[in-house]
Every structure is written in C-alpha cells, then in structure tokens.
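Accompanying notes for the structure given below.
FYI, it's all coordinate maths here, none of it is from the lab. Owing to the predicted nature of the structure, the values given are computational and were not obtained by experimental measurement. Every residue, glycine among them, receives a Cβ derived from its backbone with ideal geometry; neighbour counts consider all protein chains shown.
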C-alpha cells in the first residue's frame, strides 16, 4: 500500500529529489550498531523548509512514516526506518544561513556538518565547541542532544542551541527561541525539540551559540596503572581545574587505536587531557592536574605540545569506535552510554568491569569522564542470539547501577531503539506518561520517527 | 461561590495552614509594580509536596485558581491572583533536601531563598550563582527563568536547574531531570517547566548545579561621559574578557542609590564590573577591560578592592529598583526588560533614551548589559490613566525595536501580566498556538495561575 502510494506519485512529493535505488535504500536502512536494519520505501532529499513542509503534509495525508537522516552516525538506531516509509535525507540542506561573529551566533541548515561549520568560521577566531567525535550533522546532533569531548567545558547541544525552526507533523512551521543571550518569554520550545530524536518534528534550521578560540591550548596524556586510578584522577581534576577535555581510554581501546591509526601510545589506561585559556591560567591548570594525576599513581604525564601531535591525539580518540570495529570485521557495535554524578564514577567503572568479566565479555571502556559519562563498548555478531541476549543483560545491569546512583541511561547518544525501555526506571511512570502525552499532542497520527525514543512502545 | 467553597470547608485543604486575614490577603494580592492588585480568597501554606497535591486536587475539583507565591518580588504581576482563588505561599517549604558538594549539586524546596541557600553552603567553598538582586525564592526564580548580574558568566536559571518535582494540575507528581551532568533521555521536561510562570504546575523541589567560589574576585567602577559610551565599552569587554559581571547604571539611578544608601558614587553613567578567577587571569582581564573602557572615553576606573567595598557596590546595584521607588513615594514601578543580541545594544540604548525623551518621561536605564539585557524603569501613579497609556506606548516601542533586532520582550522578568501581548510578535503565530496547546494539555481546566504568561488571552 505504502509502496504503491509512493510509486504511483512518480516523483513525490513536491520538487524534492526521490531515490529508490537498492544501494541508497540500504545506506539509509542501517547504522553500524547491532540494531536490525530495515529499508525505507524511498529516500527523499529536500532542499528547503518549504519542501520539508510539502513532504510532511504528503506523509501525514497518507500515514507514511518519516525518518530524518543526517550522516547516519547515530549509535542507537535512530535513523533505521523500522516501519519503512520515507528516509528524509537532509544532506542538501547544508547552507550556513547567517553568521554574526560579533554576537557569537550562527544560523545553519540541519545538513551542515560539524567540520563544515568550523571550517567556515575558522578565520573569525570563533568555533562551535560541541564535538561528538563523528563528523555528524548539526541537525542530527540537535536531535539527539549530542555532546562529546568538549562538553565538560561547554555543555551539550541543549546548552548551545539558541533557537530552531521545526516543521511539525501537520506541516506547520514553528520558530522557537531567538538571538538574544537569554529570554524568559513563553515556554521553552527550543529545549523540548533538542533531544526529541525526530519524534516531534523535522528541524529545518538551528541557531547556535559560538565560542572564541582560546588563546592557548595544551594537550597531555596521563598513563595510569589501572582504570580505577584513572577514574579517580578524573574526578579530582574536574573538581579542581576548569579542564577543557578529560577522556578516559582503556588498554583495549589504546591497542585498537594503535593498530588502526599507526600510533604508538602505551597500551595502558590513559587520560587524554586538554587545557585551554590564557597562557598563565593554562600553566597553572596543567601543574595542578599533573599533581593530582601523580597522587593517583600516574606513571607518565606526557605533553602533546605542538598542534599536529594534539590533533593526532584527538583524532585517535575520535576513531576509537571505528578502531574497535576494525579489530572485529563483520561485527557490529553495542555501547552503553550511562552518565552518573561525578563522585559515583569510580564505583560505576568498577561495577562495569566486574559485570563484563562476570558475563565473560571483553569490552572496551572509554568516555567523557569529566561529565561522569562513559561507554562500555562491545562488538557483536547481531545474528548470534545468545551473545545478543547476554550483552543486553550486561547493558541492563550497567544502566540499573547508574540509575540507582542518580544517573541517566543515556548521557549523549539518545534513547533511539535501545534505551527507551529504561525511561520509566529513570524518571518514574508519571513523567513518561507526560512525555507520551507530548508526543501524542505533537504527532497524533504517529508519522514522526515511529518507535524511537519516548515512542518505544510503538514498535 | 468560590468564597463559599473555601469557607464551608473550614480549614481546607488537607492539613495545610489557611489564612484569610485582611493584611495577609492584601500582602498576597499585589506586587510593587503598576499592575492592579487583586485579593486572593485565601492564602494556603503547604509544608510538603503531598500537601500541595491535596490542595491542587481540591482546587481542580472546585475549579479554583491557584497562584504560587514566593516572596512577591516579581516585576511583572505574576503573583497577583487576578481571578481570586488560592495564593499558594511556599515559604514553609524551605528545606535544603540534599547537598552533594563533590557533585556540585543541591536539591531544595521552592521556598528556600537565594541568600538562605548561599549561607547554608558557605563553608563548602561552593555557591549558587544566579542572582536576580532581590532575595527571591529558588521556586520563584525557577518559575520565571530569572537571571541577573551573574548571568553573563553562569547563565540563567534554565542553565542551572538540573531537575524538578512538579505537581501537575490534576495532582500528579512528576519528576524531571536528574543529577547527572548531562542526559539525552526523553523530552526535556525540566526546561519546559523552568520559566512556565506557575501556569503548568506547582514546583515542589529543584535540583541545582553549583559553582566553586573563584580564587580571586575584583570589582571596579568605570565612569563614562555618556550612556552610549558605557554601552559600547560593555560590548567590547564582553567580546574580549570572561567577565564576571558588567552592569550599566545611569546618572538618575546613581543619584537615587546615593540618596537611598548613603553612598557617594559620582552621578555619571557607570559600568559596575566584576572579574573573577585565578589571580593571574583576573589581573590580565582587569588590564584589558580598563584599556577598553579608556578607549570609549572612560574618565575614571576605580577599584573596590576589599570585600566590604565590593559588597557595598553590589548592594547598591541591587537596591536600584527600591531606591528609584523611594524617590517617588506612593508611586509604583513599570520596567522594560528587553534583551538584544549584544552588537545591537548601543543602538537599543540610544533608541530607548530617544523614545523616553520624545514622550517626555524621565526614566532610569540600568541592566545586565553583558547579556544585551537592560531595563528602562519608570515610577508611575497607576491611577493616572493618561500616564499609564503613554508609558505603555514607550514600553511597546522599546519592545518593538528589540524584536526587530532579533531580541526578546523579556530577558529575565517573564511575561507575567505585562508582556504576553508581545509573544506573537516575537515568535510568530504558530509557536504561540503550540504554547497554548501545551497549556491546554497540562492544565485543561485552567486553574494554574490563569491569565499569566502564555495564558494572557484568558483575562
């Protein structure tokens, strides 16, 4: 039926390009996680908000599911069209619409990627700090409330999105937020759509807050005898220093990165650190952090002083997921994403390791420990039912521990297909009922990325 | 009828204290602005979330309006029960529920005041930075998304509230957010209730993010020949320095403060500045800011180096509104609260002065210019219809200018009774329709602070 509607209309809807070739459907039907792929019926490439409105109205009229697609770097199955329908590829909406350097503001279309944005602003001395590792689109990052290595200093997407334009499920275009630094005018619609995972509407423009590039940046590696010591050092540093980045990388991940990138980092639990600010304040911060690392038994504290070595360090960190996949060709990724209050981090890391050992899985541990956010990552053959069930049990134990300590089931990846089931455990029934009421209000027909996030019961 | 219901039930609802004495009703029926007072039928003092639930259910059953009340320091009529009903005085819910210094987190009841909170935390080396001037309650500050002098560095309430407990209009208790630094789990209910001005539910607990007290703090006054120069200097400073506070105070306000507080500040347009951080970085920042002030014609740059002089400076700034009222006994306050992109600030200040002169009003200009947020304040006899209409025209012209420049009608006071009419002009019809749908979803009977904020048509 759905196929027929899309087929009959030839090149629906409106003037946007429609593609149905096998390879393109496949590319839009999977991600690199363990979640089962599912093909869309068509991939549509809108070029403007008006075209998005036409497509959404068409989808609403014919009850066709719509799944926005950026670059497909989601780690929780967000882009998989589990009920078919239209994959709405936003890559042609990639213009920088307005840049106001004096106001530290830029407005972009959702298909602009993080690196595209930062390249365009390079000569201005400004940058957009949120950095999830993948060269994701700003639209995708907004939809999942992404964060990453810089969040300890600059916050997550929700802290950096000033306003949005969103096409709702009935085709209305809503403008939220604005360009003022702050506002108390009306309900905070911007914050509601940030992190809504495509389930409340299609984002068509995003106004972002920018930052000045710091005067001085210094990166360092602190090598520890064990991961618990590294975790404790991270907690001390965050309490004492305005750190730029503090990333925990375990032995397994360092070995995988060395193999994948040709680096020669010692395969020991390591903190990757970055300090930024004025020259004097950076020097002070570095001295204090180094002392705190040594107090926790750090054996080596090595500077990556020139910009090339620094770039290499962060490229290595960012390639961790891919490096782990490369070690296990043919397998797919499953990753936890809990975030706990920072003092609970050492206990959470210990519990995660103990759980993995108890189930007999070799997993990597890495993450944005300055936020209390870490990932236990596994590669898995998704056709191996037994392993899949066992790993889901590991995932579940790690989440349950984090929630008992006041944490969250997902610090930055979003609920997607894998984490929705923990929502009641995290917030209680009443909050989830309210979230479902909001979904019902904004998408009564249920065409917006059905079955994802808050809509997890609708599979 | 309403009176009868409340009367018949003797001491409704539940065990909470109910007061109906004239003086208490009057105290809860007005604020110090031009908005017309209106008495509640009763003032109820809940002592727990469960009591709030009982009261809300009682109100819902009998269709009785409910208006949460903190200390009554709102500047836009939020606490005035324009339809009578119950004024819900939260002052007895003033416990600090949980303090986790290592996680930089505290959870409080809504009746805790800002100064009570900071006194309780003093020995920990931490503080809560949002500072609207008045010693408001955390509940009231949350409900209006308050900010104030520290926002240029630490953001507004929405940036600093991690989670809430809220009693909805049907008596359900909803828990939002949590204690993790960040989360991508579900819709951002916390951000929706922050700034909802009591129209979506009654806040019964608030989890706040804390900050470490900076190593060094230095305050200074920079005196300028005219207000435009002071505004331009503020813009330059914010672009170049991680300033702690930057407040613009005009001649008229300085004169009023001197009279009210017995200070001897020169009655000239002045920036009140605060620098905070490590000793070396503060010294660098001070040097740069001073240079930028001199470039704009600053005649004197004076340090308030000891903590007593510094406290006096900020106390003077905070008493500005009261000092202006004291100059005009018997009159009430009307204040604009626009916030514009920072580069638009000098033009907005010029326009505001020109508008006031054109209408023949003497108004004070002061504000948090580091955010592009300033207030044009007037004292007025609210019974003088002609003046009232003329001042509303001034207010309206200032708002219209700000909106045309990408700003907001209210940077920090909230919509309350006075600013709701600008909502469509600011966001467009579609966003306001969506806001009204949210109000309808969460408060279908319309008992939650009716006629305020987004609900402005319901007068």
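What ranking do B:190, B:144 get, fewest neighbouring Cβ atoms within 10 angstrom at the top? Could you put the intermediate results ahead of the total?
On the way: B:190 24, B:144 31.
In order of increasing Cβ crowding within 10 Å: B:190, B:144.
Among A:34, A:260, which comes first, second and so on when ranked by fewest other beta-carbon atoms within 10 Å? Write down the numbers at each step before the final one.
Details: A:34 24, A:260 17.
Going from least to most buried by this count: A:260, A:34.
What are the nm distances, shortest first, from residue A:440 to its equivalents in the other copies, labels at 7 Å along Cα→Cβ?
1.5
Going 7 Å from the Cα of residue A:386 toward and past its Cβ, which residues in segment A:346-365 have a backbone nitrogen under 11 Å from where you end up?
none
What percent antiparallel are the DSSP beta bridges of chain A, to the nearest 5?
In chain A, DSSP labels about 85 percent of beta bridges as antiparallel.
Out of the DSSP beta bridges found with both residues in the protein assembly as shown, what percent are antiparallel (nearest 5)? Let's see the in-between values first.
Numbers: 112 of 132 bridges.
Bridges in the protein assembly as shown are about 85 percent antiparallel.
Taking the simple approach of a point 7 Å from Cα along Cα-to-Cβ for both residue B:357 and residue A:20, what is their distance in nm?
If labels sit at residue B:357 and residue A:20, their model points lie 6.9 nm apart.
Rounded to whole Å, how close does chain B get to the rotation axis onto A by Cβ? Give me the residue too, please?
It is B:191, 2, counting Cβ atoms only.
In peptide A:447-457, what is the residue-averaged number of other protein chain Cβ atoms found within 10 Å of each Cβ? Intermediate results must be reported in sequence, preceding the final value.
On the way: counts 0, 0, 0, 0, 0, 0, 4, 3, 0, 1, 0.
For this peptide, the per-residue mean of nearby foreign Cβ atoms is 1.
Report the percentage of all Cα-Cα pairs in segment B:172-216 whose separation exceeds 15 Å, rounded to a whole percent.
Values: 528 of 990 pairs.
Value for segment B:172-216: 53 percent of Cα pairs lie more than 15 Å apart.
Starting from one equal scatterer on each C-alpha and no solvent at all, send me the Debye-based log10 I(q)/I(0) for the protein assembly as shown at q = 0.04, 0.06 Å⁻¹, two decimals.
With one equal scatterer per Cα and no solvent, log10 I(q)/I(0) is -0.18, -0.41.
How many nanometers, to one decimal and shortest first, lie between the label point of residue B:361 and those of its other copies, if labels sit 7 Å from Cα toward Cβ?
6.4
Rounded, prolate or oblate: pick one for segment A:330-459, where a ≥ b ≥ c are the square roots of the eigenvalues of its C-alpha gyration tensor, a/c under 1.5 means rounded, and failing that, prolate if a/b is larger than b/c, else oblate.
On the way: a/c = 2.29, a/b = 1.40, b/c = 1.64.
Cα axes put segment A:330-459 in the oblate bin.
Which whole-angstrom value gives the distance between the alpha carbon centres of segment B:147-189 and segment B:273-335?
Taking the Cα centre of each part, segment B:147-189 and segment B:273-335 sit 30 Å apart.
Go ahead and run the numbers for FRET between residue A:120 and residue A:283, Cβ-Cβ distance against an R0 of 45 Å, rounding to 0.05. Write down the numbers at each step before the final one.
Details: r = 32 Å, r/R0 = 0.71.
Result of the calculation: an efficiency of 0.90.
So how tilted is helix A:279-295 from the main axis of chain A? Cα-based, degrees 0 to 90, rounded to 10.
Between the helix axis and the principal axis of chain A, the angle is about 70 degrees.
As I understand it, the value is the acute angle between the Cα axis of helix B:227-240 and the longest principal axis of the Cα atoms of chain B; what does it come to in degrees, rounded to 10?
The two axes meet at around 80 degrees.
Between the label point of residue A:212 and that of the same position in each other copy, find the distances and list them shortest first in nm, with every label point placed 7 Å from Cα along the Cα-to-C-beta direction.
Copy-to-copy label distances for residue A:212: 2.2 nm.
How do B:357, B:197 rank when sorted from fewest to most other Cβ atoms within 10 Å of their own Cβ? Mind showing how you got there, number by number?
Details: B:357 11, B:197 26.
With the fewest neighbours first, B:357, B:197 line up as B:357, B:197.
When the Cα centres of segment A:19-68 and segment A:411-452 are compared, how far apart do they sit, in Å?
Result: 21 Å between the Cα centres.
Which value in nm describes the separation of the simple spin-label points at residue A:322 and residue A:50, placed 7 Å from the Cα toward the beta carbon?
3.8
Cα gyration tensor of segment B:2-91, axes a ≥ b ≥ c as square roots of the eigenvalues: rounded (a/c below 1.5), prolate (a/b > b/c) or oblate?
Working: a/c = 1.84, a/b = 1.53, b/c = 1.20.
It is prolate, given that a/c is not under 1.5 and a/b is the larger ratio.
Where a ≥ b ≥ c are the square roots of the eigenvalues of the C-alpha gyration tensor, would you call segment B:216-323 rounded, which needs a/c under 1.5, or, failing that, prolate if a/b is larger than b/c, or oblate?
On the way: a/c = 2.09, a/b = 1.28, b/c = 1.63.
Taking the square roots of the gyration eigenvalues as a ≥ b ≥ c, segment B:216-323 is oblate.
Relative to the longest principal Cα axis of chain B, at what angle does helix B:429-442 sit, 0 to 90 degrees, rounded to 10?
It works out to around 40 degrees.
Counting partner chain Cβ atoms within 10 Å of every residue's Cβ in B:425-431, what's the average?
Working: counts 0, 6, 10, 5, 3, 7, 11.
Per residue, the average neighbour count from other chains is 6.
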